[in-house]
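We did not get these values from a lab; they are worked out from the coordinates using the rules stated. Computed from a prediction, not measured in an experiment: that's the story for all the values here. Reconstructed Cβ throughout: ideal geometry from the backbone, glycine too, with neighbour counts over all protein chains shown.
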Amino acid sequence: MSEDKSVENAAETPESSSPLAEQAEGQGRGSKRARTRRGTRPGFMTWAIALFFAGLSAATWFSNWFEDHALTNVFTVVFAIDVGLTFLVWLIFFSGHSQTVRGRVIKSLCLALLAMVVVLRPVRTSGDLLPSFRFFWQASGKETPPATEVASPSQGIDLKTTSATDFAQYLGPDRNGVLPGAALEPDWEQHPPRQLWRQPIGAGWSGFVVVNGYAVTMEQREDQEWVSCYVVESGELVWTHVVAARHDTLMGGLGPRSTPAIDDGRVYALGATGQFRCLDGATGELLWDKDLLEEFGVAAGSDGQEVAWGRSNSPLVVGGQVVIPGGGPSSGPWTSLVAFDKRTGKRLWTGGDDQISYSSPVVYSIQGVDQIVSVNEKTVSGHALDTGDKLWSLPWKGSTSGPANTSQPMRIDDGRLLVSKGYNMGGAEILLRRSGDQWQAEFGWQSGKVLRTKLTNTLIKDGYAYALNDGVLQCVDLANGERIWKGDRLRHGQPLLVGDHLLVMSEGGDLHLYDASPSSESAKPRSVLKDAISGTAWNTLCLTGRRLLVRTNKEAACYELPMRKATE
């Protein structure tokens, strides 16, 4: 009887009446009440944090706090992402939404990110670190241009005969981006430049050099690195020299980035992976070559760790030697410069013990002494012409795998040099004095607000410097480093100083002409040629006579520029 009653009582008592069940039910009700109290809409604190990050993003974009457009772009995006993350954190941890709703939102975000990864492909970044993307079914933009047939010239190709209008090396006859003798016609509405030819070209950042009507450059065709020779007047390809090499990074782009040099009928060219070649200018045949990685103990395939963006140094031919930065493994030892006999390729000397940069050596006469000036990874140094011995050196902050030194040192006068770089370093005056064989080097004025030449160079005329300061054209007084005027934002294009005028190709391919003058009126262009070239215009300009050769990573073109008459 008692057993039956206990069974009956058990049947009458629900399972939930146990202490554990009651506790679980209470927790469930408490959780629901907590979520209800939290609400399904963001509260004051969430909105305050989100608006704070939104304000930071907007302020960063409009004020350019960092004075570096690349950093500005990066932090603008970072702060904008923080706005979204603020609401996401609220939804997951602090909102009153059910687990089902929160789970759906998280799954949707994951699917959206996965779709972006599957559908979009990064193409490259601009000089300001703005990325560009393509859909996976679209062309990559790195395709090899249509096969270019090598023409058979009616007469022999002559790169030995020279003239006053030759542009035989990087940045021109004096290696400083200045052509003092030419007189451009600034009115392009009445006298527009005439396009002679325009055609696809292989990828790369190499500029043109010209001797006797023939233009030489470097380009990438699939997995081959070309040195190529074109006829200036027609754009016909007359010879190529090809090696198996390829350098490609998201930020640095694809292809060779050094500009060749032409001397006494020979072409000297350095590839992005360290293959240094001397070619017969008449045929393109190899005369001698050097593997700089092998020469300086860099393991095959590891140069990208030491020189992350590819070797861009342009050869310097001086006397009977050709000089190029050497390098070395990341742990050292390093060789700043190496000289080879220009005819045989025999190594003549090495100089300096700093890792290389992306700048190129140049010869200047300073205090009556001709010397090679080199911007290295972390120093600026002067070297004896015949031995490479270091005459003087100053620290110049940089990292060949980070905020790199790229720009050329420029001569102001007999005792002053100018160095410049991007990444908020700006420009600096170097003062040099000589007493017998002893040199004293020190910095004069320094400014992080001017001459931030990330991928370009500073050009000098009559005591003033003209440069793209983090992409914005400016004029600077070299007596004190003060900015005189600020012009247009052309991004990281390339300038060339021609007579009294400044030619500037914007990064997007528009050609501008300015007066090279400290007058404030010179901050605005006299003329603009829109869409002069397509692609990314990081390549330096080349002017030979009236012929302006321009190129990008996709296209090359030649324009006949209007010139003023000698009597004007």
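A few notes on this one:
- Gyration tensor verdict on the range 210-269 (Cα atoms; rounded if a/c is under 1.5, prolate if a/b is larger than b/c, oblate otherwise): prolate
- For the range 83-182, chymotrypsin sites (Phe, Trp or Tyr not before Pro) are listed when DSSP marks them as loop and at most 11 other Cβ atoms sit within 10 Å of their Cβ; the list is PHE136, TRP137.
- Between ILE92 and ALA48, the FRET efficiency from the beta-carbon distance, with R0 = 22 Å, is close to 0.75.
- Residues MET251, MET116, sorted so that the one with the fewest Cβ neighbours within 10 Å comes first: MET116, MET251
- Among the listed values (i) 39; (ii) 35; (iii) 28, the one matching percent of Cα pairs over 40 Å apart as calculated from this structure is (ii).
- All aspartates and glutamates inside 17 Å of LYS397 as judged from Cα atoms, apart from same-chain residues fewer than 8 positions distant: ASP68, GLU306, ASP353, ASP354, GLU377, GLU429, GLU442
- Residues THR161, THR335, arranged from fewest to most other Cβ atoms within 10 angstrom of their Cβ, appear as THR161, THR335.
- Paramagnetic reach from THR40 in the range 79-118 [backbone N under 11 Å; point 7 Å along Cα→Cβ]: 96-98, 101
- Counting 0.36 nm for each residue step from THR162 to ASN424 and taking away their Cα separation leaves a gain of 90.2 nm.
- Eligible lysines near LYS530 by straight Cα distance, threshold 18 Å, same-chain separation 8 or greater: LYS554
- Hydrodynamic estimate: the Kirkwood radius of the range 118-214 over Cα pairs, inserted into Stokes-Einstein at 10 °C and 1.306 mPa s, corresponds to D of 87 µm²/s.
- Rounded to the nearest whole angstrom, the semi-axes of the ellipsoid equivalent to the range 259-412, taken from the Cα gyration tensor as √(5λ), stand at 22, 20, 13, largest first.
- If you model the range 450-495 as an ellipsoid using its alpha carbon gyration tensor, with each semi-axis the square root of five times an eigenvalue, the axes come out at 17, 10, 8 Å, biggest first.
- Mean Kyte hydropathy of 0.5 or more with a Cα span along the axis of at least 24 Å, helices from DSSP in the chain: 44-63, 69-89, 99-119
- Lysines with Cα under 25 Å of LYS342, excluding same-chain neighbours fewer than 8 positions away: LYS160, LYS290, LYS390
- Length-normalised contact order of the chain in % [C-alpha pairs under 8 Å, at least 6 apart]: 11 percent
- Take the Cβ atoms of ASP264 and ASP353, set R0 to 41 Å, and the FRET efficiency comes out at 0.85.
- Restricting the calculation to Cα atoms, the range 421-568 shows an Rg/Rh of 1.03 when the hydrodynamic-style radius is the Kirkwood one.
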